[in-house]
Amino acid sequence: MDFHSILKYLLLFFFISTAASEFQTLTLRSLPTPSPLPLFPDSQSLQSSPDAPLTLDLHHLDSLSLNKTPTDLFNLRLHRDTLRVHALNSRAAGFSSSVVSGLSQGSGEYFTRLGVGTPPRYLYMVLDTGSDVVWLQCSPCRKCYSQSDPIFNPYKSKSFAGIPCSSPLCRRLDSSGCSTRRHTCLYQVSYGDGSFTTGDFATETLTFRGNKIAKVALGCGHHNEGLFVGAAGLLGLGRGRLSFPSQTGIRFNHKFSYCLVDRSASSKPSSMVFGDAAISRLARFTPLIRNPKLDTFYYVGLIGISVGGVRVRGVSPSLFKLDSAGNGGVIIDSGTSVTRLTRPAYTALRDAFRVGARHLKRGPEFSLFDTCYDLSGQSSVKVPTVVLHFRGADMALPATNYLIPVDENGSFCFAFAGTISGLSIIGNIQQQGFRVVYDLAGSRIGFAPRGCT
């Protein structure tokens with residue numbers, strides 16, 4: 001083969017590679033229809049050794065609302081999302097105490113089934129990387145919201161034990177008290193809208209698929225007020241000292257991961273893994289950044305974004321910097337749906353995407369989305385690629401992670417939004433299909449594409 005032939009093939013390969021990095025195909029799907037929850041037995045026979053990794057099925061909150069249409073559920077999801085982002089921003093700014101998500105914010109989007117007490121009573125618990133304290137509703141209830149299972153009765157559990165007021169665990173709470181009668185610890189978690197949960201702070205045994213974990217410190221709430229309905233409580237997965245990963249760090253080597261499926265394309269459940277098996281060999285890692293003012297959130301370094309294979313001008317690392325006062329930064333959050341970027345970064349990203357998608361028919365704005373398209377009557381379209389560049393790790397998003405259906409009439413919107421807050425949040429729509437690895441021992445977070453298989 002002569003020089004000119006080799007040059008021709010190299011140029012052809014370059015153009016094909018460039019084109020592949022500029023666009024990808026989006027197969028159009030409708031809004032997901034919630035699937036009914038599988039039947040959970042009161043006791044689960046799946047036994048595993050104490051050293052084995054722990055794997056849990058995760059289910060979306062929509063599964064608890066089978067009587068609503070897909071459009072209704074999507075609108076509720078966006079409403080919850082707005083409340084949650086407001087709460088996360090308030091927490092980051094130091095305006096609210098203790099747990100961030102929870103009652104008033106819908107406390108995240110995914111839940112699992114676990115046993116509480118001895119013998120175990122199986123309950124739905126929301127999992128939330130944006131909060132620390134583990135808590136559930138307990139009888140006797142002075143005031144409790146509606147949940148799908150009977151409320152947990154600590155007096156029927158052999159392993160329930162109050163925590164002494166003098167215990168270091170009690171002192172780790174942001175807001176604690178002491179029962180003068182029993183000399184045991186009391187907790188209170190408050191929310192920005194006046195919602196709260198309060199009750200006894202105790203230790204209890206939790207059972208996951210036959211795997212018993214003793215002496216987990218949790219709140220046993222006798223007075224719980226807010227908008228959250230359905231699950232019995234919350235399993236805090238944040239970075240603080242009272243979170244479930246922090247309490248069980250030695251057992252699971254300070255590692256966990258999850259993979260959230262695209263529910264419009266798959267009926268299989270999302271999953272979470274604790275232990276060494278949580279680490280994917282395909283993951284690319286970025287260092288965790290510590291906020292000196294707030295230990296709950298998982299901060300990472302976002303240094304740029306590409307659209308259509310080209311870095312977006314105007315999206316610089318300085319827009320995402322976490323300063324010494326704890327302001328700004330970027331967090332990974334399982335409970336926020338739509339990624340929020342600081343306004344200048346979002347505007348630059350949106351404008352670049354609009355240019356790359358100028359061949360698509362524009363549609364009206366929808367809710368918090370200002371860039372929407374009318375794709376009715378089509379089965380697939382070409383869209384510009386979007387890549388998030390973290391320090392040390394690139395996250396090349398599938399098209400379904402950023403151009404999403406918003407109704408049942410063929411309207412699709414660019415699933416990012418701007419925020420006037422300095423805090424940027426990577427939401428769960430953008431995380432779909434990736435195994436997101438929290439290697440706390442190595443102080444890093446990883447992203448493994450196609451990680452739900």
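Sorted largest first, the spans of the alpha carbon positions of the range 336-380 along the three principal axes are 34, 23, 18 Å.
Derived from the Cα gyration tensor, the three semi-axes of the equivalent ellipsoid of the range 316-404 are 28, 14, 13 Å, largest first.
Between residue 121 and 116, the built amide H atoms are under 5 Å apart, and every one of these is 5 or more places off in sequence or on another chain. Taking amide H positions as modeled 1.01 Å from N, with prolines and chain starts lacking one, the residues under 5 Å from residue 262 and 5 or more places away or on another chain are 433. List the lysines whose Cα sits under 23 Å from the Cα of residue 215, skipping any in the same chain fewer than 8 residues away. By straight Cα distance, residue 215 reaches 156, 158, 255. Size of the range 151-218: Rg and Dmax of its alpha carbons, in Å, are 13.2, 38. Around the Cα centre of the chain, unit charges on the Cβ atoms of Lys, Arg, Asp and Glu (plus for the first two, minus for the last two) sum to a dipole of about 700 debye. For the range 380-453, the set of trypsin sites (Lys or Arg not before Pro) satisfying both a DSSP loop assignment and a count of at most 15 other C-beta atoms within 10 Å is given as 391, 450.
For the chain, the relative contact order is 19 percent, taking Cα pairs closer than 8 Å that sit 6 or more residues apart in sequence and dividing their mean separation by the residue count.
Only protein heavy atoms count here; under a 1.4 Å probe, residue 425 has an accessible surface of about 0 Å². Rounded to the nearest 0.05, what FRET efficiency do residue 378 and residue 93 have when you use their Cβ-Cβ distance and R0 = 35 Å? Computed FRET efficiency for residue 378 and residue 93: 0.20.
Among the trypsin sites (Lys or Arg not before Pro) found in the range 308-359, those both in a DSSP coil and sparsely packed, with 13 or fewer other Cβ atoms within 10 Å of their Cβ, are 313, 358.
Per residue, the convex hull around the alpha carbon atoms of the chain comes to 161 Å³.
Shown for the range 305-453 is the translational diffusion coefficient from the Stokes-Einstein equation, using the Kirkwood radius over Cα pairs, a temperature of 4 °C and a viscosity of 1.567 mPa s: 80 µm²/s. Hydrodynamic estimate: the Kirkwood radius of the range 223-348 over Cα pairs, inserted into Stokes-Einstein at 25 °C and 0.890 mPa s, corresponds to D of 140 µm²/s.
The values are calculated or read from the model by the stated rules, or taken from the named source; none is laboratory data. Here the structure is a predicted model, which means the values were calculated and not measured. Neighbour counts are summed over all protein chains in view; Cβ atoms, including those assigned to glycine, are modelled from backbone coordinates with ideal geometry. Just so you know, the surface numbers come from the protein's heavy atoms only, side chains and all, with ligands and any DNA or RNA stripped out. Shrake-Rupley method; radii C 1.70, N 1.55, O 1.52, S 1.80 Å.
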